[in-house]
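All remarks here apply to the structure that follows.
Values quoted throughout were computed directly from the atomic coordinates according to the rules given, and no laboratory measurement underlies them. What you are looking at is a predicted structure, and each value in this text was computed from that prediction instead of being measured. Positions of Cβ are backbone-derived with ideal geometry, glycine not excepted, and every protein chain shown enters the neighbour counts.
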Ligand SMILES: C[S@@+](CC[C@H](N)C(=O)[O-])C[C@H]1O[C@@H](n2cnc3c(N)ncnc32)[C@H](O)[C@@H]1O
């Protein structure tokens with residue numbers, strides 16, 4: 001039953017991101033900033049530890065339309081870049097930057113070995129068994145290899161949580177949660193969280209934004225006119241400032257390295 005549940009959830013997430021893919025790149029401004037910050041912190045940590053910016057063998061998963069891919073390609077000399085996403089259409093968007101693209105859930109696809117960087121932005125919140133994935137990923141890192149990941153904390157989208165939306169992803173983590181699930185041979189170089197508040201003209205624009213960025217994969221049920229109207233009234237009352245309403249992103253970044 002659990003497998004069937006996981007399959008249904010993965011399919012729902014895939015459908016939601018595939019539908020949002022044509023609009024994702026331009027609407028995902030928060031994710032673009034998150035990806036840039038992740039690449040910046042990786043660059044600082046790598047230069048401090050190794051005084052050089054070359055990676056031989058890199059895997060980025062959940063690459064989407066390539067926000068992080070482009071940042072990595074600009075910041076580092078990468079000899080071989082493997083990309084992955086749940087949605088096969090990402091192959092045409094991000095994969096021209098890479099040597100390989102494999103579609104499918106990162107939990108199940110075959111991973112290259114002896115990686116010296118595994119990176120991913122705004123994706124691991126969709127993974128049900130995040131501790132399991134962290135072990136699987138670090139097993140595929142060579143000694144001295146880097147992990148550069150971003151996710152979201154439980155403070156993500158508080159507006160939607162308060163209003164009882166079913167859009168939350170399954171694995172939001174605090175920095176402390178993340179630290180606790182790392183294998184012992186992984187040293188943390190950077191672990192930080194932040195808030196990024198975006199303002200929209202109306203709650204309906206918030207819903208359009210969620211749909212355009214594909215992040216409503218777990219939202220349940222259909223909107224009836226009455227439900228929509230109640231949602232809009234409550235959203236405006238609780239999160240409005242008279243002319244706009246807020247949507248709060250709460251990213252968390254991890255840069256870590258496997259011991260030599
Ligand atoms: C919010 S987007 C982030 C895309 C890109 N990394 C960025 O920063 O803009 C999340 C991406 O993760 C992908 N994804 C979700 N679950 C996944 C999984 N289990 N395995 C691989 N990719 C997954 C989605 O298809 C989507 O493209």
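Structural remarks
- Extreme residue, farthest from the ligand (Cβ to nearest atom), among residues of region 134-151 that are in contact with a helix residue (DSSP H, G or I) (Cβ under 9 Å, 6 or more places away or on another chain) and either part of a strand (DSSP E or B) or free of Cβ contacts under 8 Å to residues at least 40 places away in the same chain (or both): 144
- Filter pass, residue 57 being farther than 21 Å from residue 254 by Cβ, out of contact with any helix residue (DSSP H, G or I) (no Cβ under 8 Å at 6 or more places or on another chain) and more than 10 Å from the ligand (Cβ to nearest atom): no
- Of all residues in region 99-115, exactly one satisfies the criterion of being more than 9 Å from the ligand (Cβ to nearest atom) and crowded, with 21+ Cβ neighbours inside 10 Å, namely 115.
- Summed over region 134-150, the residues that are on the phi < 0 side of the Ramachandran plot and surrounded by fewer than 20 Cβ atoms within 10 Å (Cβ to Cβ) give a count of 7.
- Exclusive hit being without any contact (Cβ under 8 Å) to a residue 60 or more places away in the chain, over 24 Å from residue 171 (Cβ atoms), away from the ligand (no atom under 14 Å from the Cβ) and surrounded by fewer than 20 Cβ atoms within 10 Å (Cβ to Cβ), set 96, 131: 96
- Residue check, residue 153 surrounded by fewer than 21 Cβ atoms within 10 Å (Cβ to Cβ) and under 15 Å from the mean Cα position of the chain (by Cα): yes
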